[in-house]
Amino acid sequence: MNVMAEDKKTGVEDADGRMLIDGVRVAARSGKRSTLVNPSTGKSSMEVAYGDAEDIDAAVAVARGAFDSGIWSRARAEERAKILWRMADLIDANADALARADTEQMGMPFAFSKVMVGHAAEAFRYYAGWCTKIQGPSSDISGQEMMGFTYTRAEPVGVAGLIVPWNAPMLLTSWKIATSLAAGCTSVVKPSEETPLTALALAELLLEAGLPKGVVNVVTGGGEAGAHLAAHRDVDKISFTGSTATGRKIIQASAGNLKRVTLELGGKSPCVILADADLAKAVPAAAQAMYFNSGQVCTAGQRLFVQRPVYEQVVAEMVQIANGIKVGNPYDADTVMGPLVSGRQFGRVCELIESARKDGVTIRTGGEKVEGEGFFFRPTVMTEAGRDARVMREEIFGPAICIVPFDDPDTLLEEINDTEYGLSAYIWTRDIERAHRLAAQIQSGVVWINSGGLIDYRVPMGGFKASGWGRENGAKGLEAFLETKTVIVTL
């Protein structure tokens, strides 16, 4: 799967799966390598360096040296902006190669991977614009007899550890890198061991765009590398996207030097369809929110609550949509759903669906493997799921939805909020007043009204409760990579 070699002339190259530290491709110090598996075939594709704590130490030392030198943290804002703009253009120029990397590593249909590449380029452009707008307020000294004034400085937090999941590597890696660079931070990126090529390709392009060596470094590896990065005393900030269980470990590991932490974690998102909703829009949108990327999305609308007068109609239409989804080769133009990312994830989805059968849940369609090679799973619709069934409580991270009837939206709120998660929610109704009332009472960081999950890097994203700490994207996301310093001057 040497997907990068085709674009070597533009700086996007695989370089035998080695890591990138201080602008140079290097092997893991232990010599260890891991094997990537193409989820569409279930077969080995290529090997990549498998870094550990020693490699993290080396990368952090380089990032710390680059930060302390001021080569990026004290660079002119206009120069930082130009490099981010050039990076966006390079992403566009290499869109096919970058999209292939995501498709072959984690199975996202190629057409969708291309969309993610476009979003990634726009994120760099958005944060390029922020580089010249980072500033703090000033004022006279309040309530004092002496004359003077105060001002605040927004300064980069320092060295950032960026830990990225496998489910949308191009988009999520770009969001984290673009934000940290706009703030003036240096970083060590630790991509998922299932999808390391995306971060390596982006780091190569950043060098081509003019980013100084050592500002962004990439260590590929597994949980040991990520844990060591989170605990490292020379790392000032961790930005992590992944499971809630790992997020809790990140918090514990970060306690040593009280580093700043941003966590975007799991979800069990409710989708509510009221009887007055435009079902011609609501049902396909609910299906899209569930089955996009084979359900491997933290904002997937896994719990679909439908008002009873339209419940049977919605169930029938959802089954029809699920049965009509083309599951297969991610390079086929009409493919809607690719495979699950790995055998491990495939096994987890199968185990949860089997638990549903034991809990008396009705499988209306799906619930089984697609015949043939690879980790393909049929789109699944479930009904009669009890409130305490595992498929109603746990994040499945696969193409399986539970549909539940309800009568009164006001009494439904307690059930909607009866979860440890609070990442996102969806509301479908023509009654906008009721929609706003529901949105105000649902415990989640994002609520979409009459929308299937629009992505907008200009607004903050994050969760309540066990779905995370802090926010990514937009101005709030930038603030997470900045420290505020107050300066008081007397005259």
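A short reminder: the numbers here are calculations on the coordinates, not readings from a lab. The structure presented is a predicted model; accordingly, all values stated were derived computationally and were not measured. Here Cβ is always computed from backbone atoms with ideal geometry, including for glycine, and neighbour counts include all displayed protein chains.
Across the options 187, 42, 298, the greatest Cα extent toward the positive end of the charge dipole of the chain (unit charges at beta carbon of Lys, Arg, Asp, Glu) belongs to 187.
One quarter of the convex hull surface built on the alpha carbon atoms of segment 84-131 amounts to 3.0 nm², the projected area averaged over directions.
Each semi-axis of the equivalent ellipsoid for segment 61-195 is √(5λ) with λ an eigenvalue of the Cα gyration tensor; in descending order they amount to 36, 16, 13 Å. Ranked by the mean number of other Cβ atoms within 10 Å of their residues, highest first, the peptides 135-141, 436-442 come out as 436-442, 135-141. Our helix-only sum for the chain, with -39,500 (n - 2.57) per DSSP H run of n ≥ 4 divided by its residues, gives a mean residue ellipticity at 222 nm of -12000 deg cm²/dmol. Computed from the C-beta positions of residue 153 and residue 288 and an R0 of 35 Å, the FRET efficiency is 0.20 to the nearest 0.05. Of the peptides 330-337, 398-405, 103-110, the order by per-residue mean of other Cβ atoms within 10 Å, starting with the highest, comes out as 103-110, 398-405, 330-337. Pair-distance distribution P(r) for segment 327-476, from all Cα-Cα distances in 5 Å bins starting at 0: 2, 8, 14, 16, 17, 18, 14, 8, 2, 0 percent.
Do me a favour and compute the ellipsoid semi-axes for segment 18-85 from its Cα gyration tensor, root of five times each eigenvalue, largest one first, whole Å.
Equivalent ellipsoid semi-axes, largest first: 32, 18, 8 Å.
Working note: Cα gyration tensor of segment 129-194, eigenvalues times five, square-rooted, sorted largest first, giving semi-axes of 39, 11, 9 Å.
Counting every pair of alpha carbons in segment 147-229, the share spaced more than 23 Å apart comes to 25 percent. About its Cα centre, the dipole of the chain is roughly 700 debye, where the only charges are +1 on Lys and Arg Cβ and -1 on Asp and Glu Cβ. Computed about the Cα centre, the dipole magnitude for segment 364-464 is approximately 320 debye when only Lys and Arg (+1) and Asp and Glu (-1) carry charge, each at its Cβ. Between residue 450 and 427, 428, 429, the built amide H atoms are under 5 Å apart, and every one of these is 5 or more places off in sequence or on another chain. How large is the direction-averaged shadow of the alpha-carbon convex hull of segment 277-339, in nm²? Mean shadow area of the hull around the Cα atoms is 4.6 nm². For the chain, the longest principal axis of the Cα atoms and the long axis of helix 432-441 meet at an angle of about 60 degrees. Relative to the dominant Cα principal axis of the chain, helix 77-93 is inclined by about 40°. Relative to the dominant Cα principal axis of the chain, helix 110-130 is inclined by about 40°. Sorted on the mean count of surrounding Cβ atoms within 10 Å across their residues, most packed first, peptides 379-385, 274-280, 408-414 read 379-385, 274-280, 408-414. The three principal axes of the C-alpha atoms in segment 208-355 carry coordinate ranges of 58, 36, 35 Å, sorted with the longest axis first.
Net charge of the neighbourhood of residue 314, taken over other residues with C-beta under 15 Å away and scored Lys/Arg +1, Asp/Glu -1, is -2. Taking the three principal axes of the alpha carbon atoms in the chain, the coordinate ranges are 71, 63, 39 Å, sorted in descending order.
Between the C-alpha center of segment 205-234 and that of segment 302-369 there is a gap of 37 Å.
Basic side chains Lys and Arg get +1 at the Cβ, acidic Asp and Glu get -1 at the Cβ, and with that the dipole of segment 191-336 about its Cα centre reaches some 640 debye.
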